[in-house]
Structure formats: C-alpha cells, structure tokens
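The values are calculated or read from the model by the stated rules, or taken from the named source; none is laboratory data. All values reported here derive from a predicted model rather than from experimental measurement. Neighbour counts are summed over all protein chains in view; Cβ atoms, including those assigned to glycine, are modelled from backbone coordinates with ideal geometry. Surface accessibility is based on the protein's heavy atoms, side chains included, excluding ligands, DNA and RNA. Shrake-Rupley method; radii C 1.70, N 1.55, O 1.52, S 1.80 Å.
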Amino acid sequence: MGIILKSAAEIEAMKEAGCLSAKALRVAGELCRPGASTWEIDEAVEAVIRDDGGVPAFKGYAGFPASICASVNDEIIHGIPSKDVVLREGDIISIDTGAVVDGWVGDNAWTFPVGEVSEEKRRLLQVGEECLWAGIEGARAGNRMGAIGSAVEHRAREAGCSVVREYVGHGIGRDMHEAPNVPNYGWRHRGVKLAVGMVLAIEPMVNAGSCRTRQMDDGWLVRTEDGRPSVHFEKTVAITEDGPVLLTVEPGRLRPL
Ligand code: MG
C-alpha cells in the first residue's frame, strides 16, 4: 500500500481522534503513582475513550489484549497491562494510548516518572522528549524522511544515549499503521520526500545504554538487552503548508504532564 495523503478536511477530522488519544494519555499519566497497577490504568483509559464515544485503537489489534501499552523501566514497548505490575517510587513507565473516532486513528505515547526518579532516569526523560521535538521539527514538506530520523538520532547520541532501530514510527490515518515507516535514525537527505497531507506517528524510543533489544516470550513485550532504562515519546503529526501540526494534543496543552 502506498502513502495515503490526507486533505485539509481529513486532517481536521483526525484532530478528534488525536485529542481523545491525548486526553487518554494525560489521564494515564495522572494515575502513574506508587501502588497503582498497570491493569487499573488500562481500565481507566478504556473508560475515558469509550465515554467520549471513541474506541481503543490497540484493543484487539493483532490480538493485543488491552487499551494501553505499559512498559516499565527497561521495558521499551508493548508491555501488556497486568494486576501483577504495580508501580513503585522511582520507576519510569512508558504508556502508549490510541483512540479511533469517526474511523480515524490517533496514536501517542509518553514516559512518566513515578514519584522521584534517579538522575539517570530524569536525564533520559529529558533527552527522549527532546528527541521527539527534534524529529517533529524535521517533518516538513520538501524534506526527506531522513530529516526526522537524523534529528532524533543526533540528539540522542550527543547526550550519550542510543535509539532503538527495530521498531519505528509510521504513517497513520484510517489504519493505525500505514506507509511510510518513520525510522528514528538515518541520513538527512535520504528517504521518501515528505509532502503536505502526510500524517505520521513520530515515536523515538531512546535507551540509556545500548540500542539492542530483546523480544519476550509473550510475543509482545520488548526490553533493552542490557537492562538499562528506555523511554518512548510519540505524537501523531500532520505535515501542512504551515509546517508540522500536532494532532494528538488537547487544546492549549502540548504535553500530557
Ligand atoms: Mg505508534
């Protein structure tokens, strides 16, 4: 399937799904306190999405059993919520939420600190968020796809961190995963030429240590190979004549925190 460009009206319509995805992520973040289980955060997020007339985008997607992905500390992505995963002071937790509204999908993620976290984790949170904003800056018509990935990779490397290579961002629209892939690495002048009407989920995964990953036996959860922490920041972004426009935001609020 080729890249499906969206009209200005379609991008406008996608803001509904984006806004609800962002609300779900904010609510999830507010619940990330010591003693909370990832299962109860998932329940709350599903209620928020359904109460506003949306459908959780992840539930049932390729068989995924929940409405959020919840990945703690050295877990990178795709953690399945569980009553057995209880947050503790000093953890970091990456939460990914997605909502479908009127057939359009929104997808976003953020890594939240649980109480006071170590200096290493605090710095990693900062670097990961900066990687996201750097990547979004590259999402401009006329640039190559590599403008996004090279900006992400540059910021991560200059901070002594690494970016995950096996998992990448993606086009998004009526399907959660559309063409093209959006890698978090690359060369600035390489890759697909970016054009007005592309809508991309830009989602750097940044590791404190090595970029190497391990897939767990449940077929979903991915961890860092070296056991050091990882963060994940994602927004759904439309490329317009006026530059990148964030779709997964609530009015007046760029970050879920
Ligand atoms: Mg995504």
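When ALA147 is tested against (1) buried (at least 20 other Cβ atoms within 10 Å of the Cβ); (2) touching a strand residue (DSSP E or B) at 6+ places or on another chain (Cβ under 6 Å); (3) farther than 18 Å from ARG123 by Cα, just one condition goes unmet, and that condition is (2). The test for being aliphatic (A, V, I, L, M), open to solvent by 10 Å² or more (accessible area, probe 1.4 Å), in contact with a Lys or Arg (Cβ under 6 Å, 6 or more places away or on another chain) and under 25 Å from SER7 (Cα atoms) does not hold for LEU254.
In the range 150-192, which residue that is acidic (Asp, Glu) and within 22 Å of ARG228 (Cβ to Cβ) is least open to solvent (accessible area, probe 1.4 Å)? Spell out how you get there, then give the answer.
Residues of the range 150-192 acidic (Asp, Glu): 153, 158, 166, 175, 178.
Narrowing further to those that are within 22 Å of ARG228 (Cβ to Cβ): 153, 158, 166.
Values: GLU153: 29, GLU158: 116, GLU166: 106 Å².
Among those residues, the one meeting the criterion is GLU153.
Scanning the range 2-33 for residues that are surrounded by 15 or more Cβ atoms within 10 Å (Cβ to Cβ) and charged (D, E, K, R) returns LYS6, GLU10, LYS15, GLU16, LYS23, ARG26. Out of curiosity, is ASP102 among the acidic types (Asp, Glu), touching an Asp or Glu at 6+ places or on another chain (Cβ under 7 Å) and within 14 Å of the ligand (Cβ to nearest atom)? So ASP102 does not fit the description; no.
Table: residues versus (1) closer than 15 Å to ALA238 by Cα; (2) more than 15 Å from the ligand (Cβ to nearest atom).
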{"site": "ASN108", "(1), (2)": "yes, no"}
{"site": "GLU120", "(1), (2)": "no, yes"}
{"site": "ALA139", "(1), (2)": "yes, no"}
{"site": "GLY142", "(1), (2)": "yes, yes"}
{"site": "GLU153", "(1), (2)": "no, yes"}
{"site": "ALA156", "(1), (2)": "no, yes"}
{"site": "SER162", "(1), (2)": "no, yes"}
{"site": "HIS177", "(1), (2)": "yes, no"}
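Please verify whether PRO204 is within 16 Å of the ligand (Cβ to nearest atom), open to solvent by less than 20 Å² (accessible area, probe 1.4 Å) and not hydrophobic (A, V, I, L, M, F, W, C), treating the condition exactly as stated. It is true that PRO204 is within 16 Å of the ligand (Cβ to nearest atom), open to solvent by less than 20 Å² (accessible area, probe 1.4 Å) and not hydrophobic (A, V, I, L, M, F, W, C).
If ARG212 satisfies every condition in (1) open to solvent by less than 20 Å² (accessible area, probe 1.4 Å); (2) more than 16 Å from the ligand (Cβ to nearest atom) but one, which is the exception? Going through the list (1) open to solvent by less than 20 Å² (accessible area, probe 1.4 Å); (2) more than 16 Å from the ligand (Cβ to nearest atom), ARG212 breaks only (1).
Restricting attention to the range 189-198, does a residue exist that is in contact with a helix residue (DSSP H, G or I) (Cβ under 8 Å, 6 or more places away or on another chain) and small (Gly, Ala, Ser)? Yes.
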